[in-house]
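We did not get these values from a lab; they are worked out from the coordinates using the rules stated. Since we're looking at a predicted model, the values are computed, not measured. All Cβ positions, even for glycine, are placed from backbone atoms using ideal geometry, and neighbour counts span all protein chains on display.
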Amino acid sequence: MTEAPPARLIRTVVLVGMMGAGKTAIGRSLAARLGVDFVDSDTAIEEAAALSIAEIFERDGERFFRRREAEVLRRLLSGPPGVVSTGGGAFLFDRNRTAIAEMGVAVWLDADLDTLWERVRHKDTRPLLRTDDPKATLTALFAERRPVYAQAGVRVSIDRAASIEETTDRVLDALSAHGNILEG
């Protein structure tokens, strides 16, 4: 008995959600399973600018960063179907949500606040959390962003105890149920 061929991706999958939701880890795993390219949009921005996201925020400000982010996202969506992970703020902007809806599908990795805090609290690479009270900042961002993330075409709840492979299975199941994303 031969194994069924893997599903073929027909639209780019764009992973959205809060920092710490697992967009990069799940994105890499999902792309490997589907045999397509994976790109982290923040990494693509850093490579283009030859600066870290934190350095771009510090030197040029968030507004400049968001313009570059939109340009990079549109370029990534214009290529062959693949998997893209975005920074936590990318999906907040109408132009990005529109581009994703037109050229791909947004998958919201919906993690609870406690899971997010556990994953980001010891990292200093999050410019938006460089505040006097990073947990309060994360809590405020969480409350502000959830209604926007809820506009994503696909939602996958993140189980803190699930492995990357198990979460990838859940994303694949959600994509299959959605239709017009996977073929085969």
(request) Please find the FRET efficiency linking Ala54 to Arg28, where r is the Cβ-Cβ separation and R0 is fixed at 25 Å, and quote it to the nearest 0.05. (result) 0.70
(message) Please give the charge dipole size of the chain, origin at the Cα centre, charges +1 on K and R Cβ atoms and -1 on D and E Cβ atoms. Round to the nearest 20 debye.
(response) 380 debye
(message) With the crude spin-label approximation of a point 7 Å out along Cα→Cβ, what separation in nm comes out for Asn180 versus Arg121?
(response) 4.2 nm
(message) Please compute the modelled spin-label separation between Arg155 and Glu62, points set 7 Å along Cα→Cβ, answer in nm with one decimal.
(response) 2.4 nm
(request) Please express the shape of the range 1-92 as an equivalent ellipsoid: the semi-axes are the square roots of 5 times the eigenvalues of the C-alpha gyration tensor, given largest first in whole angstrom. (result) 29, 13, 11
(request) Using DSSP, restrict attention to beta bridges with both residues in the chain and report what percent are antiparallel, rounded to the nearest 5. (result) 10 percent
(message) With the crude spin-label approximation of a point 7 Å out along Cα→Cβ, what separation in nm comes out for Ile164 versus Glu47?
(response) 1.8 nm
(request) Calculate the translational D of the chain in whole µm² s⁻¹ from Stokes-Einstein, where the hydrodynamic radius comes from the Kirkwood formula applied to all Cα pairs, the temperature is 37 °C and the viscosity 0.692 mPa s. (result) 196 µm²/s
